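Asks: Questions regarding the structure given below will be posed in turn.
The values are calculated or read from the model by the stated rules, or taken from the named source; none is laboratory data. All of these numbers come straight from a predicted model, not from anything done at the bench. Don't worry about glycine lacking a Cβ; one is built from the backbone with ideal geometry, like all the others, and counts go over all protein chains shown. Note: areas computed on protein heavy atoms with side chains; ligands, DNA, RNA excluded. Shrake-Rupley method; radii C 1.70, N 1.55, O 1.52, S 1.80 Å.
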Amino acid sequence: MKDFRIGSGYDVHALGDGLRLVLGGVEIPHDKGCIAHSDGDVLIHALCDALLGSVSAGDIGLHFPDSDERYRGADSCLLLGEVCRMVRERGYEIGNADCTIAMQRPKLRPYIDMMRERLASVMSVGPERVSVKATTTERLGFEGEERGVSATAVVLVYRE
């Protein structure tokens, strides 16, 4: 009998003028980017928390604290790769990931497939196992007011 586990993750970053916007490992042209200790990839941070939660291994802040200078400006894809290693070290494989980004602009549809491919590559799974969706909040809340971006992720992991 397979041992299935589900994990969920959520992350938020404020947006600041003139910073890089990186989502799902893809740099997206925009006049604002995430204010963060690392590269601010809110989607990958939510995905890391979902994966860590699925195997009861804490959260991203426990493993990659923003008080540690080694992670200043870090490429979040490297963090995701390390988290996937931790999941597999515990005997689990990644079944699938379903992620949602909430951001008013820019429109993210042109970048979704690139994000899926990038995340799948880092996670060592096929792109059919990674879903990325984007939504606006109809100009409501901090996302709609373009003051920040949020992301959620749900993952299924399993072992035989």
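Asks: What residue, of 38, 54, 67, 76, is in contact with a Gly (Cβ under 6 Å, 6 or more places away or on another chain) and among the polar types (S, T, N, Q)?
Replies: 54
Asks: For the range 2-24, name all the residues that are over 21 Å from residue 69 (Cα atoms) and outside any strand (DSSP E or B).
Replies: Scanning the range 2-24 gives 2, 18, 24.
Asks: Given the conditions (1) open to solvent by less than 40 Å² (accessible area, probe 1.4 Å); (2) touching a Leu at 6+ places or on another chain (Cβ under 9 Å); (3) outside any helix (DSSP H, G or I), which single one is not true for residue 150?
Replies: Checking residue 150 against (1) open to solvent by less than 40 Å² (accessible area, probe 1.4 Å); (2) touching a Leu at 6+ places or on another chain (Cβ under 9 Å); (3) outside any helix (DSSP H, G or I), the one that fails is (2).
Asks: Got a sec? Which of 50, 57, 46 is assigned to a loop (DSSP other than H, G, I, E, B), within 20 Å of residue 152 (Cα to Cα) and either hydrophobic (A, V, I, L, M, F, W, C) or in contact with a Leu (Cβ under 6 Å, 6 or more places away or on another chain) (or both)?
Replies: None of the others qualify; the one that does is 57.
Asks: From the list 31, 49, which residue is modelled with pLDDT of 95 or more and open to solvent by 40 Å² or more (accessible area, probe 1.4 Å)?
Replies: So the residue among 31, 49 that is modelled with pLDDT of 95 or more and open to solvent by 40 Å² or more (accessible area, probe 1.4 Å) is 31.
Asks: Shifting gears a bit: Within the range 34-42, can one find any residue that is assigned to a strand (DSSP E or B) and at pLDDT 95 or above?
Replies: yes
Asks: Next up: What tally of residues in the range 85-110 results from selecting those that are part of a helix (DSSP H, G or I) and crowded, with 21+ Cβ neighbours inside 10 Å?
Replies: Matching residues across the range 85-110 total 1.
Asks: Open to solvent by 40 Å² or more (accessible area, probe 1.4 Å) and within 23 Å of residue 82 (Cβ to Cβ), is that true of residue 17?
Replies: Judged against the criteria, residue 17 is not a match.
Asks: While we're here: Residue 76: of a type in the set (Ser, Thr, Tyr), closer than 30 Å to residue 17 by Cα and open to solvent by less than 20 Å² (accessible area, probe 1.4 Å), yes or no?
Replies: yes
Asks: Can you tell me which of 144, 126, 148 is over 12 Å from the mean Cα position of the chain (by Cα) and in contact (Cβ under 8 Å) with a residue 60 or more places away in the chain?
Replies: Going through 144, 126, 148 in turn, the sole match is 148.
Asks: Restricting to the range 52-73, what's the tally of residues that are among the charged types (D, E, K, R) and surrounded by 15 or more Cβ atoms within 10 Å (Cβ to Cβ)?
Replies: Within the range 52-73, residues that are among the charged types (D, E, K, R) and surrounded by 15 or more Cβ atoms within 10 Å (Cβ to Cβ) number 1.
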